[in-house]
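Take a look at the structure set out below.
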Amino acid sequence: MPSLLSIRGLEVAYGAVQVLFGVNLEVQTGEIVAIIGPNGAGKSTVIKAVVGLAAVQQGQIVFDGREIANLPAHIMPALGIGYVPQGRIVFAQMTVTDNLEMGAFLQKDSVKRRQAVQQVFEQFPRLYERRHQPAGKLSGGEQQMLAIGRALMMNPRLVILDEPSLGLSPKYVDVIFDQLLALKQQGRTLLMVEQNAARALELSDRGYALELGHNRFADSGEKLLANPDVRRMYLGGA
Amino acid sequence: MELLDPAILLQLLISGLLAGALYALLACGLNLVFGVMRVINLAHAELMLVGAFSAYLLYRFFGLHPVFSLVIVVPAVFFFGYYLQRVLIERVVGQPLLSSLLATYGVSIILVNIGLLLFSADYKSVPAMQGSILFGEIAISKPRAVAGLISVALTLAIYFFLERAHLGKAVRAVAEQPQVAAICGIDVRRIRMLTFGMAAAMAAAAGVMLAMIYSFSPISGADFIQKSFAIIIIGGMGNFAGALYGGLLLGVVESYVAGFSSSQWAEAVAYLLLVAVLLIRPTGLKGTAYVK
Ligand SMILES: Nc1ncnc2c1ncn2[C@@H]1O[C@H](COP(=O)(O)OP(=O)(O)OP(=O)(O)O)[C@@H](O)[C@H]1O
Ligand SMILES: [Mg+2]
């Protein structure tokens, strides 16, 4: 079966500084795939190249049989890609409901938009309680739920998450991982970057370890967790 | 004249609010562009004069009343702004502020010189409406009343568009987080074209209204852009509602100062008010919007 997402030989530079040197990565429908690696390895850049926020110099990005490298970011929801940016970025001055509505900007039918908002509220009851508040007033964990909910609004076939648990209190890290598990059980396809590498790999079917813009390891989640080199280099010890 | 006669106080208040509504319409457009794309449009007052001279031409050659010329001028200037964004302003979005100041200053110089070529520096006016409406002891000039009310209506219409409409919310989303807005499916460049088009249309509408009240020449822009800057700083940079309050406040204060002292002082009011507001609230009345 062809991959849902296939990245081959991806090279990206910011100005004169090249940060990816031929990265390869595959995601099959229904899989959870994790990208791990130290700070500055280029994990976010891989994701940004996929969603059209970083210009691709070389290589292919094929989504569902279609070359999507260097397409503008604003067509991603129409293709079926949802994106949760690093740093739980929400529209701080807009209400929770309006933030979600923006996630379905392309859905011109307001009734269908409202249905999608209701579905997110069912998944995240906490957001329902705070639906009239400006998103800037939410706690970090609630903002991350909102960012995830916003990415789900168009019912994407691939959800890409950049460091969903970064900077959250331990309680909310658990909540977010529970939600990721719930998404997995719903049969969604996820590609995520996580600095909480051990937990991410436990959840994942497969993982990729990046280092300085190169693929370093690629294997099933279990095997990566069992690999002593990976444990030493990425999981902080034995 | 009895200074504290309630009828006079009320009269000054009403004429101040009406004048302030026109300022607000103008300044809200300037603030919208700043809020959405961090561009200070130095040609904003010249876009206003495009509206004023269009009203002049339509009145002079076709006898069209300015209220009706709005229907032609507003859409025409909207499209002018929409495409000006596409060919010029878009290039300076995200650049250092100096680039956008230079680009819009260039537009302003070009428009002023076209105006001087076509109309010379003589003052023009559009005396389409005369007379006053009387409410008991209070007399309000008809053109000022019509201009003020239409300005309020247009400003509120844009405000509710931004607050309630799906597309209007997308404008606010782009103002806050352009990259995340893009990934939501919003074509950010198109939103910026829409934004600049709306702002230009608001300026032109203010110009048409102004033409009914004041005389104007191609170099009248300076006065208005200065007042507009004072207003958006008073109200809060980038904050649409702030410019509305700031405009109304300036109109009222100017009206009282002109009523109780010489009009020389009225010229300085904008800056005195600016200093006073900033001393009390450094981010303006409504706070600076969309700060990251
Ligand atoms: N917009 C940018 N302009 C210039 N350089 C950038 C930009 N974004 C990232 N970089 C650089 O590219 C490299 C890879 O960054 P990237 O954000 O992809 O790393 P990351 O693996 O996601 O790291 P982190 O764990 O810190 O999020 C880093 O050296 C970073 O400094
Ligand atoms: Mg990153």
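The values are calculated or read from the model by the stated rules, or taken from the named source; none is laboratory data. Predicted, not measured: the structure shown is a model, and the values here were computed from it. When we count neighbours, we look across all protein chains shown, and the Cβ atoms used for this are built from the backbone with ideal geometry, even at glycine. Protein only, heavy atoms only, side chains kept; ligands, DNA and RNA dropped before computing areas. Shrake-Rupley method; radii C 1.70, N 1.55, O 1.52, S 1.80 Å.
Here are the numbers:
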{"item": "Computed helical MRE - 222 nm, chain A, DSSP H runs ≥ 4 contributing -39500 (n - 2.57), nearest 500", "result": "-10500 deg cm²/dmol"}
{"item": "Accessible area buried, both sides summed, chains B and A with 1.4 Å probe, Å²", "result": "2000"}
{"item": "Theoretical FRET efficiency, 1/(1+(r/R0)^6), r = Cβ-Cβ of A:Arg216 and A:Arg126, R0 41 Å, to 0.05", "result": "0.65"}
{"item": "For the range B:1-144, radius of gyration divided by Kirkwood radius, i.e. Rg to Rh on alpha-carbons", "result": "1.06"}
{"item": "Qualifying GluC sites (Glu not before Pro) in the range B:128-207, DSSP loop, other Cβ atoms within 10 Å at most 14", "result": "B:Glu137"}
{"item": "Sites B:Asn113 and B:Arg190 - FRET efficiency at Förster radius 30 Å, r taken between beta-carbons, to 0.05", "result": "0.45"}
{"item": "Highest-MSF residue in chain A out of A:Gly87, A:Gly42, A:Gly103 [GNM, Cα springs under 10 Å]", "result": "A:Gly87"}
{"item": "Gyration tensor verdict on the range A:18-128 (Cα atoms; rounded if a/c is under 1.5, prolate if a/b is larger than b/c, oblate otherwise)", "result": "prolate"}
{"item": "Shielding by partners, peptide A:73-82 (average Cβ within 10 angstrom, other chains)", "result": "4"}
{"item": "Computed E for A:Val17/B:Gln95 - FRET, C-beta separation, R0 25 angstrom, nearest 0.05", "result": "0.75"}
{"item": "Distance between the range A:38-87 and the range A:176-200 - C-alpha centres, whole angstrom", "result": "19"}
{"item": "Isotropic mean projected area of the C-alpha convex hull, chain B (nm²)", "result": "15.8"}
{"item": "Cα coordinate range in the range B:63-220, projected on the principal axes (Å, largest first)", "result": "57, 40, 26"}
{"item": "Links that overshoot a 29 Å alpha carbon limit, given the list A:Lys112/A:Lys184; A:Lys137/A:Lys171; A:Lys108/B:Lys286; A:Lys112/A:Lys171; B:Lys124/B:Lys227", "result": "A:Lys108/B:Lys286; A:Lys112/A:Lys171"}
{"item": "Net charge contributed by nearby residues that have their C-beta within less than 10 Å of A:Leu210 (K/R +1, D/E -1)", "result": "+1"}
{"item": "Rg ratio (alpha-carbon, reference 2.2 N^0.38 Å) - the protein assembly as shown", "result": "1.17"}
{"item": "Space enclosed by the convex hull of the alpha-carbon atoms of the range A:5-234, per residue, Å³", "result": "118"}
